Amino acid sequence: MKLLEYQGRILFKNYGIPVKEGDVAKSPEEAYEIHKRLNKKVVIKAQVPVGGRGKAGGIKLSEKPEETKELAEKILSLTIKSYPVKKVLVAEAAEIKKEMYISLTLDRRTGKVLLMAIKEGGIEVEEIAKERPEAIYTDYIPILRGLSPYQIRNVSEFLFDGEKDLKKEFSGILLKMWKLFRECDANLVEINPLAVCEDGKLWAIDSKIILDDNASFRYPECVPDRDMDYENLKEFEAKEHGLSYVKLEGKVGCCVNGAGLAMATMDTLKKFGGEPANFLDIGGSSSPEKVKAAMRILLSDKNVKSVFFNIFGGITRCDDVANGMVSAFQELKPELPIVVRLTGTNEEEGRKILEQSGLKIYPAKSMDEGAKLAVQFAEKT
Amino acid sequence: MAILLSNDTRVVVQGITGRDGSFHAKKMREYGTKVVAGVTPGKGGQSVDGIPVFNSVFEAVKKEGANTSIIFVPAKFAKDAIYESIDAGIKLIVVITEGIPAQDMAEIMDYISGKDTRIIGPNCPGVIAPEIAKVGIMPGHIFKKGPIGVVSRSGTLTYEVVHHLTVSNLGQSTAIGIGGDPIIGTRFIDILELFEKDPETEGIVLIGEIGGTDEEDAAEFIKKNISKPVVAFIAGRTAPPEKRMGHAGAIIEGGKGTAESKIKALNSANVSVASLPSEVAELMKQRLKT
């Protein structure tokens, strides 16, 4: 789960990482009220789960509540990288003297926690990594041992040289970041920028936090709920049914068991001149109910002109999938051409179920054949 | 000879009384695997299809000589199950469970560093050495003994590729699913090294996907250390950025982990990269000829 900035701020506050006063608003009126309450110059920031907000006009400064109202209205009408802005953060504007970058990431290659620091802030870390990797301070933290005092000393020295007070303040923030990282099962905790402000103290001016979905069962209470304003409802519905769905723009709906095969199916459709309408993995042990739910989601996408079921039974049993298809057909009565490829565990039983059902489906012997057929149907209509 | 498994492989199934555990314990035994014990805490003394169930892995090791474990325990409890296997002296631990928190796996990898324990997975289909043993959930009948080593981050996509290999008369020495999670016990390079040393393996098939940089690391490794022909397929050329594609580890983040980058790296290591799963077998045939 990728947290929005305002959600990340909630966690920062909870862990004692300093953030400027502010609150989130869903309307220009709410933004106005927040500004009035703060009674200071504010920054209004679009809340979207992507970067590049400033360039898109999603971040503005404002002196007066009336101005804030107007600006909030404008920002709330923006769409940034396909995300309509549904909320804005209104926070005390910071007067930044010096800014820097600090993050903790779970490193896939080493299984350790990667600490990164840069003496500049508000920058794109990916770009710096490409252009000037030497500007990035890195250190690895073995997860069981944790962040050792010497590691904190070294990175503090890198960022602040001899500035004793700031070093001390920073050490505290880094320890709190570490605590948050571990307790909330984060994949990433990033403060960019972390800034020395007019009061000479350190403040987290932005937050970027990604938590591990697999650990949601043990998130501490301070972790905010998913912001449903920014969830794709169909992707969310799919998740509730134990399916994994990502909407795309093409015309061929596909339903596959297994993530790798599902991606390969999309690639194959493309190779034969089609465009996949989605990624949909019905997972390992697929019950007929799951297949039904999958079908409902596919058919609700109006772009879909044909559907390709690509099933290679391992744990998934082909007869389960066939049964699910039959009951889904009876309930949903799809009018689209549906191509089915069933191979693997109980494939004979599965094929028999489909044949005896009298359903109008197009069987395919292989993935390539099925993909070609589904693309042809989609292009015809 | 195969890698990882042999005729001495004696398997304990952790989570044997669950739905998947009991089903696959039976399937593995039917395949010819020596499934010598099961473990479910609190259910010791029972049996599942004649396989004795113990309360702990320690007992399974002591009484039945288990040296390999396969884990079907639910994600919440999987870390404990893996620790138990490590401490009981199991040398090969295959973790089928999907949904284990990444930091749990990071802790486990930290714990076993310096030990001679090997973990495969999690979120993987396991390992199969045709005609020797199957420690996994793959449909055994699609595999056939032969000279090709297969290593993959995916389950069903592996079956798809193996199916083509088998019908093209390219049997497999060993096939390993290393899993679709961000933190995994065994990576491509570990398996590549084992295949290079295995006299029975003549060619290697590597099946990757978007996310992370394991394929790029594999390419570097192949350049330096692998003399056998390698054919690859990378899934997710059409995957959008910043979206998790089913597997916890299959995501393009901050421009990293794209299929293009992986394919480019592999090509530069003289790996033949197929554009369709069905092309892998043909490419391998060509590579073996030359």
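The values are calculated or read from the model by the stated rules, or taken from the named source; none is laboratory data. Computed from a prediction, not measured in an experiment: that's the story for all the values here. All Cβ positions, even for glycine, are placed from backbone atoms using ideal geometry, and neighbour counts span all protein chains on display. Side chains included, ligands, DNA and RNA excluded: accessible areas come from the protein's heavy atoms. Shrake-Rupley method; radii C 1.70, N 1.55, O 1.52, S 1.80 Å.
Of the residues in segment A:336-347, none is open to solvent by 40 Å² or more (accessible area, probe 1.4 Å), away from chain B (no Cβ under 12 Å) and at pLDDT below 90.
Can you find a residue in segment A:107-120 that is at pLDDT 95 or above, surrounded by fewer than 15 Cβ atoms within 10 Å (Cβ to Cβ) and either in a strand (DSSP E or B) or not assigned by TED's automatic domain parsing to the domain that holds A:L180 (or both)? No, every residue in segment A:107-120 fails to be at pLDDT 95 or above, surrounded by fewer than 15 Cβ atoms within 10 Å (Cβ to Cβ) and either in a strand (DSSP E or B) or not assigned by TED's automatic domain parsing to the domain that holds A:L180 (or both). Listed by position, the strands (runs of 3 or more DSSP E) inside segment B:32-143 whose residues that are in contact with a Phe, Trp or Tyr (Cβ under 8 Å, 6 or more places away or on another chain) number at least 3 are B:34-39. When A:I297 is tested against the conditions (1) within 11 Å of chain B (Cβ to nearest Cβ); (2) assigned to a helix (DSSP H, G or I); (3) among the β-branched types (V, I, T); (4) touching a strand residue (DSSP E or B) at 6+ places or on another chain (Cβ under 8 Å), the lone failure is (1).
Scanning segment A:308-335 for residues that are open to solvent by less than 20 Å² (accessible area, probe 1.4 Å) and either within 11 Å of chain B (Cβ to nearest Cβ) or of a type in the set (S, T, N, Q) (or both) returns A:N310, A:I311, A:F312, A:G313, A:G314, A:T316, A:C318. In this structure, B:I210 qualifies as within 12 Å of chain A (Cβ to nearest Cβ), touching a residue at least 12 places away in the same chain (Cβ under 8 Å) and under 19 Å from A:E126 (Cα atoms). Tell me whether segment B:226-248 contains one or more residues that are among the acidic types (D, E), under 23 Å from the mean Cα position of the chain (by Cα) and open to solvent by 20 Å² or more (accessible area, probe 1.4 Å). Checked against the condition, which is being among the acidic types (D, E), under 23 Å from the mean Cα position of the chain (by Cα) and open to solvent by 20 Å² or more (accessible area, probe 1.4 Å), segment B:226-248 yields no hits at all. Kindly indicate the residue of segment B:27-54 that is touching a residue at least 60 places away in the same chain (Cβ under 8 Å) and of a type in the set (S, T, Y) and also least open to solvent (accessible area, probe 1.4 Å) among those meeting that condition. Checked segment B:27-54; the qualifying residue least open to solvent (accessible area, probe 1.4 Å) is B:T33.
Considering segment A:260-294, and only residues there that are open to solvent by 10 Å² or more (accessible area, probe 1.4 Å) and under 21 Å from the mean Cα position of the chain (by Cα), the residue that is farthest from the other protein chains (Cβ to nearest Cβ) turns out to be A:G283.
Considering segment A:139-152, the residues that are surrounded by 12 or more Cβ atoms within 10 Å (Cβ to Cβ) and not in a loop (DSSP other than H, G, I, E, B) include one that is farthest from the other protein chains (Cβ to nearest Cβ), namely A:I152.
Can you work out which of the residues in segment B:145-178 that are under 17 Å from the mean Cα position of the chain (by Cα) and in a loop (DSSP other than H, G, I, E, B) is surrounded by the fewest Cβ atoms within 10 Å (Cβ to Cβ)? Only one residue tops the list, namely B:I178. A count restricted to segment A:235-259 and to residues that are away from chain B (no Cβ under 13 Å) and either of a type in the set (S, T, N, Q) or under 15 Å from A:P276 (Cβ atoms) (or both) stands at 2.
So B:K62 fits all but one of (1) surrounded by 23 or more Cβ atoms within 10 Å (Cβ to Cβ); (2) free of Cβ contacts under 8 Å to residues at least 24 places away in the same chain; what number is the exception? Every condition holds for B:K62 apart from (1). For segment A:49-83, a tally of residues being of a type in the set (D, E, K, R) and either crowded, with 18+ Cβ neighbours inside 10 Å or at pLDDT below 95 (or both) returns 5.
Residues checked against (1) touching a strand residue (DSSP E or B) at 6+ places or on another chain (Cβ under 6 Å); (2) of a type in the set (K, R); (3) open to solvent by 40 Å² or more (accessible area, probe 1.4 Å); (4) at pLDDT below 95:
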{"site": "B:V13", "(1), (2), (3), (4)": "yes, no, no, no"}
{"site": "B:I16", "(1), (2), (3), (4)": "yes, no, no, no"}
{"site": "B:A25", "(1), (2), (3), (4)": "yes, no, no, no"}
{"site": "B:S56", "(1), (2), (3), (4)": "no, no, no, no"}
{"site": "B:Y83", "(1), (2), (3), (4)": "no, no, yes, no"}
{"site": "B:L92", "(1), (2), (3), (4)": "yes, no, no, no"}
